[in-house]
Amino acid sequence: MNLEGTENVDVLVIGAGPSGSVAASILRNHGYQIKIVEKQTFPRFVIGESLLPRCMDNLQEAGLLAAVEKGGFQKKFGAKFVRNIDTCDFDFSAQFTKGWSWTWQVQRADFDHLLAQETANKGVDIEYNAEVTAVKFHQDGSSETTVKRGDGSLLNIHAKRIVDASGYGRVLPRLLDLDIPSDFPMRASFFCHLQDPRRPTDGNRITIIYFTKEVWLWVIPFSDGITSVGVTGSPEQINQFEGALGEQYQQWMDTVPHLKGRFSIHDQVFTPRKITGYSSAVKQLYGLGYVLTGNSTEFLDPIFSSGVTLATESGATAARLIARELEGEKVNWESEYSDYIKGGVNVFRTFVQCWYEGLLPKIIFSNESNAEIKQQICSVLAGYVWDTRNPFVRKHERAVRALAGVIRSC
Ligand SMILES: Cc1cc2nc3c(=O)[nH]c(=O)nc-3n(C[C@H](O)[C@H](O)[C@H](O)COP(=O)(O)OP(=O)(O)OC[C@H]3O[C@@H](n4cnc5c(N)ncnc54)[C@H](O)[C@@H]3O)c2cc1C
């Protein structure tokens with residue numbers, strides 16, 4: 001192996017996904033020297049295509065919004081839930097929290113690539129095809145990181161701070177033994193991108209199909225006529241059909257009434273893929289010299305499309321705090337980072353738990369709808385999970401369970 005020497009940076013960011021790009025851009029805007037080390041070459045596929053309005057605030061703060069606008073992605077103005085003949089349509093313009101009323105449905109390969117390119121345009125050094133393999137911390141919080149480059153050579157990076165935005169790679173949780181089991185049961189997703197020539201004329205809104213208490217599906221139309229369709233449930237339920245992946249997938253399309261006749265495996269853009277056991281958790285979100293952001297912290301469940309919003313929120317928050325710390329200010333990482341991020345995550349945790357317990361479907365599909373409550377729930381679904389004026393944020397668990405308790409219809 002050929003050791004190419006040492007690079008010195010203020011902050012090393014691991015991973016060029018949305019969390020890494022937002023964190024790096026904000027730190028760069030503060031004038032720091034930033035390097036992103038990214039294992040893959042971009043554009044690369046990753047799942048997670050439906051954004052929430054709250055992430056627009058983070059992209060704007062990072063100075064990345066204008067670049068994404070050039071992508072021409074499908075605008076998302078709300079989210080529709082369907083169950084048999086019941087429908088509940090959330091419109092982000094009818095929200096409790098004053099915030100963004102729209103966002104996008106994106107092919108992540110293109111979206112993440114645009115974010116990373118704009119981050120590089122700001123002067124962030126992004127090295128692709130380079131994998132972080134080891135990290136050693138000094139007592140002042142600075143660190144030496146070993147990076148294995150695509151050609152097999154090794155690079156040492158000395159950094160004052162590290163942001164671990166490595167997503168499903170979970171670099172520091174693995175290297176520092178921070179992983180703990182998720183409190184959610186193991187679930188699986190089976191998804192594909194398909195040409196959608198039979199898309200209804202009013203069919204551009206993301207639709208979440210309640211199939212059974214455990215099984216739900218997403219339909220996420222993109223602006224180029226392609227649609228992402230995925231089914232989620234326990235591994236046994238997802239794997240219940242026989243045959244090759246395409247045959248299994250077609251059986252799902254034929255089994256779910258809302259999809260039957262619209263989607264054919266012959267229109268596939270790639271062979272359907274399965275992901276199993278994606279929920280994850282960690283012992284701590286930060287330590288001496290490092291902070292975990294995005295999916296390298298905790299991932300709950302895809303049902304409310306919270307992943308990219310939590311990734312950008314944690315990336316932006318971590319960057320602001322590191323900037324303050326490097327400027328010599330004292331930062332309380334427990335209250336200003338860990339408690340803050342967990343506060344928002346826990347609102348989504350309640351919503352996810354109550355979805356699978358059947359309480360949220362009971363509320364969402366109830367015909368006893370109250371406009372004010374719907375606006376409050378809509379703000380949570382828009383990602384405004386830090387607005388404690390909203391009772392469904394402030395007392396999330398009590399509010400959802402109490403409301404489900406007084407609804408008669410289901
Ligand atoms: C089935 C499913 C559906 C989902 N649907 C949605 C959705 O609709 N909306 C939504 O918001 N979220 C969704 N998510 C969640 C979403 O995928 C993630 O939350 C989001 O991608 C996290 O972004 P990130 O920046 O933290 O990480 P990522 O986007 O995963 O980026 C991390 C980067 O780190 C790099 N990396 C990894 N290891 C290393 C290493 N050793 N060295 C250097 N680089 C490394 C990777 O190559 C990658 O590019 C879904 C998740 C699942 C499982």
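The values are calculated or read from the model by the stated rules, or taken from the named source; none is laboratory data. Keep in mind that what you see is a predicted model, and the values were worked out from it rather than measured. Glycine also receives a Cβ, built like all others from the backbone with ideal geometry; neighbour counts cover every protein chain displayed.
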Quick one: M253 ticks every box in (1) surrounded by fewer than 19 Cβ atoms within 10 Å (Cβ to Cβ); (2) more than 30 Å from K283 (Cα to Cα) bar one, so which box is it?
(1)
Which condition number in (1) buried (at least 21 other Cβ atoms within 10 Å of the Cβ); (2) touching a residue at least 60 places away in the same chain (Cβ under 8 Å); (3) within 14 Å of the ligand (Cβ to nearest atom); (4) not in a strand (DSSP E or B) is the one that I322 fails?
(3)
Cβ-Cβ under 7 Å, sequence separation 6+ or interchain: first residue in the range 27-41 and over 16 Å from E127 (Cβ atoms), partner surrounded by 24 or more Cβ atoms within 10 Å (Cβ to Cβ) and of a type in the set (A, V, I, L, M, F, W, C). Which pairs?
L27/V11; L27/I34; L27/A319; L27/I322; Y32/V11
Is it true that T212 is surrounded by 19 or more Cβ atoms within 10 Å (Cβ to Cβ) and polar (S, T, N, Q)?
no
Filter pass, F92 being within 16 Å of the ligand (Cβ to nearest atom), closer than 24 Å to S366 by Cα, buried (at least 21 other Cβ atoms within 10 Å of the Cβ) and of a type in the set (F, W, Y)
yes
Name the residue that is modelled with the highest pLDDT, counting only residues in the range 387-410 that are in contact with an Asp or Glu (Cβ under 8 Å, 6 or more places away or on another chain) and of a type in the set (A, V, I, L, M, F, W, C).
V393
Within the bounds of the range 40-56, is there any residue that is of a type in the set (A, V, I, L, M, F, W, C), in a strand (DSSP E or B) and surrounded by 20 or more Cβ atoms within 10 Å (Cβ to Cβ)?
no
Residues (touching a residue at least 60 places away in the same chain (Cβ under 8 Å) and hydrophobic (A, V, I, L, M, F, W, C)) located in the range 283-298:
L288, V291, L292
So F263, is it crowded, with 18+ Cβ neighbours inside 10 Å and of a type in the set (F, W, Y)
yes
Residues to consider are T212, T207; find the one that is in the same structural domain as S264 (by TED's automatic domain parsing) and farther than 18 Å from L51 by Cβ.
T212
Considering only residues that are under 20 Å from the mean Cα position of the chain (by Cα) and either more than 9 Å from the ligand (Cβ to nearest atom) or free of Cβ contacts under 8 Å to residues at least 24 places away in the same chain (or both), which ones fall in the range 269-282?
R273, K274, T276, G277, S280, A281, V282
Counted residues in the range 67-92 being outside any strand (DSSP E or B) and either touching a residue at least 40 places away in the same chain (Cβ under 8 Å) or outside the structural domain of S21 (by TED's automatic domain parsing) (or both) come to 10
Name the residue, out of V135, V106, that is touching a helix residue (DSSP H, G or I) at 6+ places or on another chain (Cβ under 9 Å), over 27 Å from W386 (Cα atoms) and crowded, with 21+ Cβ neighbours inside 10 Å.
V135
Give me the pairs: first residue in the range 119-148 and touching a residue at least 40 places away in the same chain (Cβ under 8 Å), second residue among the β-branched types (V, I, T) and part of a loop (DSSP other than H, G, I, E, B), beta-carbon distance under 7 Å, and six or more apart or on different chains, which are they?
Y128/T41; N129/T41
All-but-one check, F299 against (1) more than 15 Å from the chain's Cα centre (by Cα); (2) within 11 Å of the ligand (Cβ to nearest atom), failing number (1)
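Here is a yes/no grid of residues against (1) of a type outside the set (D, E, K, R); (2) assigned to a helix (DSSP H, G or I):
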residue	(1), (2)
G343	yes, yes
N346	yes, yes
Q353	yes, yes
N367	yes, no
E372	no, yes
G383	yes, no
T388	yes, no
E397	no, yes
L403	yes, yes
Kindly evaluate G315 against the criterion of being within 13 Å of the ligand (Cβ to nearest atom) and within 30 Å of L64 (Cβ to Cβ).
yes
Selection over the range 118-139 where residues are within 23 Å of L176 (Cα to Cα) and more than 12 Å from the ligand (Cβ to nearest atom) yields a count of 4
